[in-house]
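The values are calculated or read from the model by the stated rules, or taken from the named source; none is laboratory data. Everything numeric in this text was worked out from a predicted model, so none of it was measured. With ideal geometry, Cβ positions are generated from the backbone for all residues, glycine too; neighbour counts draw on all protein chains shown.
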Amino acid sequence: MDLQRPSPAKSDEAGLPPAHGIPGSGRAAGETVPRRPVVAVSECLGFGAVRYNGQILQSRFVEGLRNHVEFVHTCPEVGIGLGVPREPVRLVERDGSLRMLQPATSRDVTGEMESWSRDFLTGMGAVDGFILKSRSPTCGIGDVKVYASEGGPVKSKGAGLFAREVMECFPLAAVEDEGRLTNLKIRHHFLTVLFTAARFRAARAIGALSALVRFQTEHKLLLMGYGQEPLRRLGRIVANPRRAPAGEVFTCYAEALGPLLRKPAQPGPVVNVLQHAFGYLTDDLSGKERRYFLELVEEYRDERLPLAALLAVLGAWIIREGVPYLEVQRFFEPYPRELLELTDSGLRTRI
Ligand code: SF4
């Protein structure tokens, strides 16, 4: 298995809770609790010259993450022995099923790619996010050309064979391609899910229900941004009325959290969260400040202002007023601020 897991960098406060044992949790103090998100990357994105033509690509976003995550990287096409350089492969729909073919050699490598991907992914341990190469018949997450026949026209678009397995094996992980990550909203969603998944994994590694209660408390506003009903559903799981063992409750919570975080939070519920938080601050704000903030909310609703701008204003007021309930909320800083970059490719989000 050609999994490459570089040693972690030294600075590692990535917004995750400290590693510690909880009395009665069945876990010893000092037991490994993840300290930074683990991100699996297509190897050709800055880690190795493994493309079919022997090239390596660079992604600014991947580069920028280096101090904040632990990377693992792999090239599935090299993994199944196609070598570098190699004749390109393509996806072809044949008799209603999707095949991965190498037209220059007439090889059908579908079975090899599917079983290699499954073996690799089930053996790779905890992963919080994937950054995969766009448009690749192996790694692409949704924009891969599917041909009507070996030499025929493009029939549709879909996900590559490795990416399909990724989405099946890691329902809680953040999954994106490097092209889509040039879009501000997609990047914000990806980073939010990535760091939230890592914090949940950290709570799960502690193993005590108190860690899940803390996770739910700190993510209350963030989860509210996905709607009131999903938040209530997660709250009912945490309340654990059946007194189920902690491991079972964590599993149940993960099964509800994964589908919830798959799509970005919508402006409507996010505006509700902003107004909810604002309600805790209004007594201490002047009439001018209140009017200014409500104008900003409308600009956000009309997509003329990024969410980050409102969070910065609210964050400053929360620091000034010292509201403990708001101070712990991950909604205001779901990932390290150094990763916030407001450039935008203008790509439309897939919502
Ligand atoms: S896109 Fe995937 S399969 Fe293709 S070179 Fe990159 S890592 Fe390898």
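Looking across the range 153-173 at every residue that is touching a residue at least 24 places away in the same chain (Cβ under 8 Å), of a type in the set (A, V, I, L, M) and outside any helix (DSSP H, G or I), the one that is surrounded by the fewest Cβ atoms within 10 Å (Cβ to Cβ) is identified as 172. Taking the conditions (1) at pLDDT below 95; (2) in contact with a Leu (Cβ under 7 Å, 6 or more places away or on another chain); (3) among the small types (Gly, Ala, Ser) in turn, residue 129 satisfies each one other than (1).
For the range 41-56, filtered to residues that are under 24 Å from the mean Cα position of the chain (by Cα) and within 6 Å of the ligand (Cβ to nearest atom), the residue that is farthest from residue 121 (Cα to Cα) is 44. Among the residues of the range 131-151, those identified as away from the ligand (no atom under 12 Å from the Cβ) and either free of Cβ contacts under 8 Å to residues at least 24 places away in the same chain or not small (Gly, Ala, Ser) (or both) are 143, 145, 146, 147, 150.
Put simply, of 314, 305 the only residue that is part of a helix (DSSP H, G or I) and surrounded by 13 or more Cβ atoms within 10 Å (Cβ to Cβ) is 314. Taking the listed residues 335, 300, the one that is among the hydroxyl-bearing types (Ser, Thr, Tyr), in a loop (DSSP other than H, G, I, E, B) and buried (at least 17 other Cβ atoms within 10 Å of the Cβ) is 335, with no other qualifying. Applying the criterion of being more than 20 Å from the chain's Cα centre (by Cα), modelled with pLDDT of 95 or more and of a type outside the set (Ser, Thr, Tyr) to the residues of the range 132-152, the residue that is farthest from residue 51 (Cα to Cα) is 146. Pick from the range 114-138 the residues that are assigned to a loop (DSSP other than H, G, I, E, B) and among the aliphatic types (A, V, I, L, M): which of them is surrounded by the most Cβ atoms within 10 Å (Cβ to Cβ)? Top of the filtered list is 127. Among the residues that make up the range 227-249, is at least one of them at pLDDT below 95 and in the same structural domain as residue 57 (by TED's automatic domain parsing)? Checked against the condition, which is being at pLDDT below 95 and in the same structural domain as residue 57 (by TED's automatic domain parsing), the range 227-249 yields no hits at all. Sub-9 Å Cβ pairs linking a first residue in the range 289-303 that is among the small types (Gly, Ala, Ser) to a second residue that is assigned to a helix (DSSP H, G or I), at least 6 apart or interchain, number zero. Restricted to the range 232-280, and to residues that are of a type in the set (Val, Ile, Thr) and more than 14 Å from residue 171 (Cα to Cα), which residue is nearest to the chain's Cα centre (by Cα)? Of everything passing the filter in the range 232-280, 270 is nearest to the chain's Cα centre (by Cα).
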